[in-house]
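Data first, discussion second: the structure below is written as structure tokens.
The values are calculated or read from the model by the stated rules, or taken from the named source; none is laboratory data. It should be emphasised that the depicted structure is a prediction, and the values quoted were computed from it without experimental measurement. All Cβ positions, glycine included, derive from the backbone under ideal geometry; neighbour counts span all protein chains shown.
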Amino acid sequence: MMSHEHQIRVRYADVDQMGYVYYGHYPRYYEIGRAEFLRSVGFPYKRLEDEGVMCPVASIRIRFLRAPQYDELITIRTTVKKLPAKSVTFHMEVLLENGKLANAGEVRLAFVDAKTMKTSHAPESLLEVLRPHFS
């Protein structure tokens with residue numbers, strides 16, 4: 001299992017009329033968390049695409065507990081609990097400045113060969129980078 005945390009400040013464009021993060025922005029926060037997770041292990045998402053692998057979202061689940069507010073510094077925690085195979089599941093948490101859980105969810109990405117558009121296994125290059133964190 002491995003986790004990564006990335007902080008961002010809630011922007012005015014992210015909030016609704018009440019000043020809370022609009023519910024539709026959480027998938028974008030999750031994407032930021034996933035991208036920074038991969039970057040933190042030295043495997044930016046662009047490398048997957050350069051190797052001919054696409055990762056469409058297969059499923060997403062979101063639970064709303066508390067709402068971050070405008071200008072609040074939030075932490076996006078991304079955790080991968082098991083080594084990818086034909087898909088990878090990212091467990092997501094959005095934490096408020098005070099450390100309380102605001103939002104939690106899961107995003108499952110499938111691995112797809114960009115040429116054939118058929119599902120495939122996680123590329124060996126990604127697994128090589130991740131394996132040491134799962135031993």
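General remarks:
- Conditions (1) closer than 22 Å to residue 130 by Cα; (2) buried (at least 18 other Cβ atoms within 10 Å of the Cβ); number of the one not met by residue 74: (1)
- Filter result for residue 24 (surrounded by fewer than 15 Cβ atoms within 10 Å (Cβ to Cβ), small (Gly, Ala, Ser), at pLDDT 95 or above and under 19 Å from residue 113 (Cα atoms)): no
- Output for segment 39-59, where each listed residue is outside any loop (DSSP other than H, G, I, E, B) and of a type outside the set (A, V, I, L, M, F, W, C): 39, 40, 45, 46, 47, 49, 50, 59
- Residue check, residue 90 surrounded by 17 or more Cβ atoms within 10 Å (Cβ to Cβ) and among the aromatic types (Phe, Trp, Tyr): yes
- Within the option set 69, 17, being closer than 21 Å to residue 5 by Cα, surrounded by fewer than 18 Cβ atoms within 10 Å (Cβ to Cβ), over 15 Å from the mean Cα position of the chain (by Cα) and not basic (Lys, Arg) holds for one residue only, 69.
- Looking across segment 5-14, the residues that are touching a residue at least 60 places away in the same chain (Cβ under 8 Å) and surrounded by fewer than 18 Cβ atoms within 10 Å (Cβ to Cβ) come down to 5, 7, 8, 9.
- A count restricted to segment 60-117 and to residues that are assigned to a loop (DSSP other than H, G, I, E, B), closer than 24 Å to residue 15 by Cβ and small (Gly, Ala, Ser) stands at 2.
- Lone unmet requirement of (1) crowded, with 17+ Cβ neighbours inside 10 Å; (2) within 17 Å of residue 2 (Cα to Cα); (3) in contact (Cβ under 8 Å) with a residue 24 or more places away in the chain for residue 40: (1)
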